[in-house]
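Okay, structure first, notes after.
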Amino acid sequence: MNRERHILGISGGRDSAALAVYMRQNHPAIDMEYFFTDTGKELPEVYDFLNRLEGFLGKPIDRLNPDRDFDFWLAEYGNFLPSAKTRWCTRQLKLRPLNQWLKDDLENGVDVHSYVAIRADEPNRSGYKSPHTNMKVHFPLREAGIDKAGVIDLLKDTDIGEPEYYRWRSRSGCTFCFFQQKIEWVRLMQEHPEAFAEARAYEKTAEEHGSPFTWSDSESLDELAQPERIAAIKADYEKRRARALKALRPNPLSGRSEPTLDEIYGADESNSCVICHK
Ligand code: SF4
């Protein structure tokens with residue numbers, strides 16, 4: 001029989017953490033290897049959350065650091081910022097370290113079982129597919145019928161709770177992730193001014209090298225950081241929130257009194273990345 005490995009990627013978000021909890025509780029005999037691909041540009045709240053999770057799991061989460069950092073790849077890509085259309089960041093800082101971690105074993109015929117945090121209420125999603133035939137992908141949350149509410153319950157019941165950044169941001173991932181809404185940029189500026197300043201500096205360098213892309217749609221962070229623009233973004237957020245609250249109220253069974261950021265902005269959660277944001 002082939003040697004086997006069982007791996008579970010932790011993104012720093014709630015779904016992959018809940019999957020780790022679920023597997024620990026329901027399949028304790030599996031010798032799971034937990035890993036976190038660290039771009040070096042993660043929020044401090046993510047590391048706090050990983051520490052809490054490690055305490056519960058009783059084993060370390062392997063940090064897979066890229067062999068070359070964001071600055072190296074930015075220069076390689078001509079100082080063009082990554083964007084939703086050209087996601088070199090995920091390829092080079094998330095997928096490349098994972099492939100390197102598994103490469104030798106996959107080439108030597110080891111069966112790698114990868115457990116992916118796609119929930120039961122995400123019927124149209126699929127996980128990352130490795131080109132190797134001996135990589136098998138499993139979706140235990142989906143198979144167990146666990147939806148978003150179930151994920152939140154799993155984390156609450158184990159006292160791990162949710163990552164602290166959910167107070168002001170909807171997704172895990174890099175501080176400067178371009179999937180952020182405008183209000184999240186404003187909040188990043190308040191919560192982690194040094195990370196906002198770093199993103200602003202990257203944008204300036206990109207602009208100096210002729211990159212047409214900004215982190216946020218149709219404006220630079222310099223423009224977004226102007227007081228009148230911040231006030232407009234906050235006012236727009238409050239208007240959208242009031243609308244989303246009205247839509248939420250007719251359903252008291254939902255048990256929720258606050259719409260999510262995705263609901264407020266009409267964003268499709270399924271557009272988020274399985275690797276970065278689950
Ligand atoms: S979190 Fe965002 S910026 Fe970071 S690698 Fe993923 S898509 Fe790119």
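The values are calculated or read from the model by the stated rules, or taken from the named source; none is laboratory data. Bear in mind the structure is a predicted one, so any value in this text is a computation, not a measurement. Positions of Cβ are generated from backbone atoms using ideal geometry, with glycine treated the same way; all protein chains shown enter the neighbour counts. Note: areas computed on protein heavy atoms with side chains; ligands, DNA, RNA excluded. Shrake-Rupley method; radii C 1.70, N 1.55, O 1.52, S 1.80 Å.
Okay, residues lined up against (1) surrounded by fewer than 16 Cβ atoms within 10 Å (Cβ to Cβ); (2) of a type outside the set (D, E, K, R); (3) in contact with a Leu (Cβ under 8 Å, 6 or more places away or on another chain):
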{"position": "Asn134", "(1), (2), (3)": "no, yes, yes"}
{"position": "Phe139", "(1), (2), (3)": "no, yes, no"}
{"position": "Arg142", "(1), (2), (3)": "no, no, no"}
{"position": "Ile146", "(1), (2), (3)": "no, yes, yes"}
{"position": "Asp157", "(1), (2), (3)": "yes, no, no"}
{"position": "Phe179", "(1), (2), (3)": "no, yes, no"}
{"position": "Lys182", "(1), (2), (3)": "no, no, yes"}
{"position": "Val186", "(1), (2), (3)": "no, yes, yes"}
{"position": "His192", "(1), (2), (3)": "no, yes, yes"}
Would you mention how many residues in the stretch 205-229 are basic (Lys, Arg) and touching a Leu at 6+ places or on another chain (Cβ under 9 Å)?
-> 0
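Pick from Ala206, Ala231, Ala244, Ala267: which is modelled with pLDDT of 95 or more and not charged (D, E, K, R)? Before you say what the answer is, go through the steps one by one.
Numbers: Ala206 fails: modelled with pLDDT of 95 or more; Ala244 fails: modelled with pLDDT of 95 or more; Ala267 fails: modelled with pLDDT of 95 or more.
Every option except Ala231 fails the conditions.
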Can you find even one residue in the stretch 11-22 that is out of contact with any strand residue (DSSP E or B) (no Cβ under 6 Å at 6 or more places or on another chain), open to solvent by 50 Å² or more (accessible area, probe 1.4 Å), of a type in the set (Lys, Arg) and touching a residue at least 40 places away in the same chain (Cβ under 8 Å)?
-> no
Hey, Leu53 in contact with a helix residue (DSSP H, G or I) (Cβ under 7 Å, 6 or more places away or on another chain), open to solvent by 10 Å² or more (accessible area, probe 1.4 Å) and over 23 Å from Gln181 (Cα atoms) or not | no
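Report those helices (runs of 4 or more DSSP H) wholly inside the stretch 202-269 carrying at least 3 residues which are more than 25 Å from Lys148 (Cα to Cα) and either among the basic types (Lys, Arg) or free of Cβ contacts under 8 Å to residues at least 12 places away in the same chain (or both).
Details: elements: 221-224, 227-248, 261-265.
Counting at least 3 such residues, we get 227-248.
Would you be able to tell me the number of residues in the stretch 23-50 that are among the hydrophobic types (A, V, I, L, M, F, W, C), open to solvent by less than 30 Å² (accessible area, probe 1.4 Å) and more than 16 Å from the ligand (Cβ to nearest atom)? I'd like the intermediate steps shown before the answer.
Here is the first cut: in the stretch 23-50, the residues among the hydrophobic types (A, V, I, L, M, F, W, C) are 23, 29-30, 32, 35-36, 43, 46, 49-50.
Okay, now just the ones that are also open to solvent by less than 30 Å² (accessible area, probe 1.4 Å), so 23, 32, 35-36, 43, 46, 49-50.
Retained after the next criterion (residues that are more than 16 Å from the ligand (Cβ to nearest atom)): 23, 32.
Matching residues across the stretch 23-50 total 2.
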Exactly one of Phe35, Phe49, Phe70 is closer than 18 Å to Tyr165 by Cβ and in contact with a Gly (Cβ under 7 Å, 6 or more places away or on another chain), and that residue is Phe49
So which residues in the stretch 65-82 are crowded, with 17+ Cβ neighbours inside 10 Å and within 18 Å of Cys276 (Cα to Cα), if there are any at all?
-> Pro66, Phe70, Trp73, Leu81, Pro82
